[in-house]
Amino acid sequence: MDTAKLIIDQVGKVFPTKSGEMVALDQTSFSVNDGEFVTILGPSGCGKSTILRIVAGLEQPSSGRVLLDGKEVKEPGPDRGMVFQSYTLYPWLSVEDNISFGLELKGVPKKQRLETAKHYLNLIGLKGFEKHYPVQLSGGMKQRVAIARALANDPKILLMDEPFGALDAQTRTIMQEILLKVWEESRKTILFITHDVDEAIFLGDSIYVMTARPGRLKKNIKVPLDRPREFSIKQSLEFLDLKNELLGLIREETLKVI
Amino acid sequence: MFSRLFTPNKEIPRSIYIGAGIASFVAFVGIWSLLSYGGLVNPLFLPAPDVIWKTAVNQFIDGEILSDIGISFSRVALGFFFAALVGVPLGMLMGSLRIMEGAFEPIIGFIRYMPASAFIPLFILWIGLGEAEKMAVIFFGTFFQLTLMVMDVTKNIQNDLIEVSYTLGASKRQIFRKVILPASLPGIVDTLRITFGWAWTYLVVAEIVGATSGLGFMIMQASRFLKPEKIIVGIIIIGLLGMIIDLLFKALYRTSFSWMRKEG
């Protein structure tokens with residue numbers, strides 16, 4: 001039996017609106033094991049980002065609690081690294097300073113910081129870009145640096161909120177491969193939000209499908225694909241079968257809210 | 001080519017861009033010359049360009065104008081310095097802390113519509129006729145606008161940038177110092193550039209009443225003795241000083257924020 005790294009225990013979120021209360025997330029429970037790559041798949045506006053924001057501590061749950069290594073999450077902290085869909089690099093910092101920003105906050109000496117930055121730059125395939133500024137990078141490069149920045153802090157879990165959502169389809173698939181390589185090397189626990197079925201299957205050990213508003217877990221599916229995964233796996237029968245099943249589930253939910 | 005020049009948002013060759021700016025100046029002096037040398041306007045109301053030039057040269061040789069420039073500049077610079085010293089931090093706090101915005105935005109929004117010039121009699125009563133009173137006018141004329149503009153700059157920082165900083169372990173203090181400050185710095189420098197320009201316009205107001213020196217005083221004296229050429233020299237000097245400061249701010253902006261440009 002694996003050990004649960006992250007426990008989402010009956011977490012729900014209700015937002016007050018002018019016309020009364022709006023349930024963004026119904027009471028939801030699930031757990032993520034140490035070193036596991038879990039993807040959450042759902043239609044737009046199903047509250048999947050809300051789960052992630054609650055785990056990050058950026059939002060408080062209306063009910064329930066989140067436990068990381070048995071400790072309740074109350075506020076944001078460096079033990080939970082996050083990558084957003086929007087580009088969130090600090091435009092005034094060079095790539096290496098961006099990556100080592102979290103270490104600087106902790107007061108890690110400069111020499112050590114830059115070494116760590118170098119290591120992660122190599123990992124994401126951006127060696128030689130140390131002194132570049134974010135404005136000089138493409139969207140895919142920016143998101144790779146954002147991933148490196150989150151990892152450089154050595155968090156217990158990496159939270160990714162549709163990190164490739166703003167990228168074009170070609171860049172997106174390459175980013176998925178890079179992320180898998182990084183994950184295989186670092187074995188970080190990852191909770192990854194997406195509305196892209198291919199992405200959810202290709203990346204995840206386990207997929208949680210969510211219902212449309214109010215968000216609820218509809219189904220949990222273990223991905224039966226071996227690791228390490230290559231791009232070509234997307235053509236395999238298992239992949240396509242799973243894809244069809246998931247497309248059906250998502251379609252049902254999307255039709256409810258369209 | 002011609003149609004390209006009038007297509008919205010289209011880039012044009014730099015030579016044409018600069019040429020257009022020079023053409024405006026030439027046209028300005030051209031119309032002025034036409035009106036004065038052409039005898040269309042009484043020289044008592046609009047002296048010719050060469051008269052202005054000679055007056056300016058004489059005034060600089062005479063040297064008195066230099067001390068006027070000096071005293072005016074120090075009034076503007078100091079009045080503005082104090083406005084920025086208080087306004088920038090206050091604006092940043094108002095832009096990032098809702099409680100500060102709630103407390104100060106309404107009252108600043110109210111006071112900023114009060115005319116600074118109308119306060120001059122009160123300032124004279126309160127702080128007398130000295131330098132402090134002149135600076136108070138300039139402070140009053142710029143502080144409130146400046147604070148609100150800095151607030152807007154700080155408010156417009158992308159919220160994700162602040163949230164990601166929390167997830168990287170930043171404390172509230174670090175968010176202010178390492179995220180909000182550098183993120184709003186370019187906007188703040190730009191705000192200072194614009195409001196410093198306004199400070200010059202309040203200078204004349206400040207020096208019209210109860211002053212015995214400065215460019216505004218010089219203009220008022222010239223007006224009393226019906227010397228339009230001196231008035232125009234004073235106005236042009238203020239314009240030039242304002243433009244030079246503006247260029248300095250722009251240069252500061254370019255060199256300090258090179259990370260904003262693609263070529264690095």
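Structure notes:
- In the set (1) within 30 Å of A:Asp26 (Cβ to Cβ); (2) modelled with pLDDT of 95 or more; (3) touching a helix residue (DSSP H, G or I) at 6+ places or on another chain (Cβ under 9 Å); (4) within 12 Å of another protein chain (Cβ to nearest Cβ), the condition left unmet by A:Gln85 is number (2).
- Pairs, first within 16 Å of A:Phe192 (Cβ to Cβ) and basic (Lys, Arg) in the stretch A:203-226, second at pLDDT 90 or above and in a loop (DSSP other than H, G, I, E, B), C-beta under 8 Å, six or more apart: A:Lys222/A:Asp205
- Taken over the stretch A:41-60, the criterion of being more than 26 Å from B:Ala170 (Cβ to Cβ) and in contact with a strand residue (DSSP E or B) (Cβ under 6 Å, 6 or more places away or on another chain) is satisfied by A:Leu41, A:Gly42, A:Cys46, A:Gly47.
- The stretch A:39-59, residues that are buried (at least 23 other Cβ atoms within 10 Å of the Cβ), of a type in the set (A, V, I, L, M, F, W, C) and in a loop (DSSP other than H, G, I, E, B): A:Cys46
- The set of residues in the stretch B:117-153 being free of Cβ contacts under 8 Å to residues at least 40 places away in the same chain and not in a helix (DSSP H, G or I) consists of B:Gly128, B:Gly130.
- Contacts under 6 angstrom Cβ, first residue in the stretch A:170-191 being closer than 13 Å to A:Tyr120 by Cβ, partner among the aliphatic types (A, V, I, L, M), 6 or more apart: A:Val182/A:Leu123; A:Lys188/A:Leu158
- Residues of the stretch A:60-76 classified as facing chain B (nearest Cβ under 9 Å) and surrounded by 20 or more Cβ atoms within 10 Å (Cβ to Cβ), total: 1
- Some residue of the stretch A:111-129 being under 19 Å from the mean Cα position of the chain (by Cα) and either at positive phi or surrounded by fewer than 21 Cβ atoms within 10 Å (Cβ to Cβ) (or both): yes
- Some residue of the stretch A:110-118 being farther than 20 Å from A:Arg187 by Cα and touching a residue at least 12 places away in the same chain (Cβ under 8 Å): yes
- The criterion of at least 3 residues that are more than 14 Å from chain A (Cβ to nearest Cβ) is met, among helices (runs of 4 or more DSSP H) falling completely within the stretch B:156-261, by B:181-208, B:215-224, B:228-256.
- Any hit, the stretch B:135-158, residues being over 22 Å from the mean Cα position of the chain (by Cα) and basic (Lys, Arg): yes
- Only one entry in B:Ala206, B:Ala222, B:Ala211 is crowded, with 17+ Cβ neighbours inside 10 Å, at pLDDT below 90 and over 16 Å from B:Ala77 (Cβ atoms), namely B:Ala211.
- Look at the stretch A:238-258: where a residue is free of Cβ contacts under 8 Å to residues at least 40 places away in the same chain and a partner is part of a helix (DSSP H, G or I), sitting 6+ places away or on another chain with Cβ atoms under 8 Å, you get A:Phe239/A:Ile201; A:Phe239/A:Phe202; A:Phe239/A:Ile233.
- Scanning the stretch B:94-116 for residues that are hydrophobic (A, V, I, L, M, F, W, C), without any contact (Cβ under 8 Å) to a residue 40 or more places away in the chain and touching a helix residue (DSSP H, G or I) at 6+ places or on another chain (Cβ under 7 Å) yields B:Met100, B:Ile111.
One line per residue, one yes/no per condition, for (1) modelled with pLDDT under 90; (2) over 28 Å from the mean Cα position of the chain (by Cα); (3) under 22 Å from B:Ile237 (Cβ atoms):
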position: B:Met1; (1), (2), (3): yes, yes, no
position: B:Arg4; (1), (2), (3): yes, yes, no
position: B:Ala20; (1), (2), (3): no, no, no
position: B:Pro43; (1), (2), (3): yes, yes, yes
position: B:Phe60; (1), (2), (3): no, no, yes
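- Restricting the search to helices (runs of 4 or more DSSP H) fully inside the stretch A:82-188 and requiring at least 2 residues that are under 21 Å from B:Ile157 (Cβ atoms) gives A:95-99, A:101-106, A:139-152.
- Selection within the stretch B:7-18: residues that are among the β-branched types (Val, Ile, Thr) and either touching a Lys or Arg at 6+ places or on another chain (Cβ under 9 Å) or assigned to a helix (DSSP H, G or I) (or both). The member of this set that is nearest to B:Ile236 (Cα to Cα) is B:Ile18.
- Residue within the stretch A:33-44 that is more than 13 Å from chain B (Cβ to nearest Cβ), over 22 Å from A:Leu203 (Cα atoms) and of a type outside the set (S, T, N, Q) present: no
- For the stretch A:8-38, a residue qualifies if it is assigned to a loop (DSSP other than H, G, I, E, B) and either of a type in the set (A, V, I, L, M, F, W, C) or buried (at least 16 other Cβ atoms within 10 Å of the Cβ) (or both), and exactly one does: A:Glu36.
- Single residue of the stretch A:153-176 satisfying the filter (among the charged types (D, E, K, R), closer than 19 Å to A:Met82 by Cα and surrounded by fewer than 18 Cβ atoms within 10 Å (Cβ to Cβ)) that is farthest from the chain's Cα centre (by Cα): A:Asp154
- No other residue among A:Gly57, A:Gly81, A:Gly20 is within 30 Å of A:Leu137 (Cβ to Cβ) and without any contact (Cβ under 8 Å) to a residue 40 or more places away in the chain apart from A:Gly57.
- Residue in the stretch A:213-222 that is at pLDDT 95 or above, touching a Phe, Trp or Tyr at 6+ places or on another chain (Cβ under 9 Å) and β-branched (Val, Ile, Thr) present: no
The values are calculated or read from the model by the stated rules, or taken from the named source; none is laboratory data. Given the structure is predicted, the values throughout are model-derived calculations rather than measurements. Please note: Cβ atoms are built from the backbone with ideal geometry, for glycine as well, and neighbour counts cover all protein chains shown.
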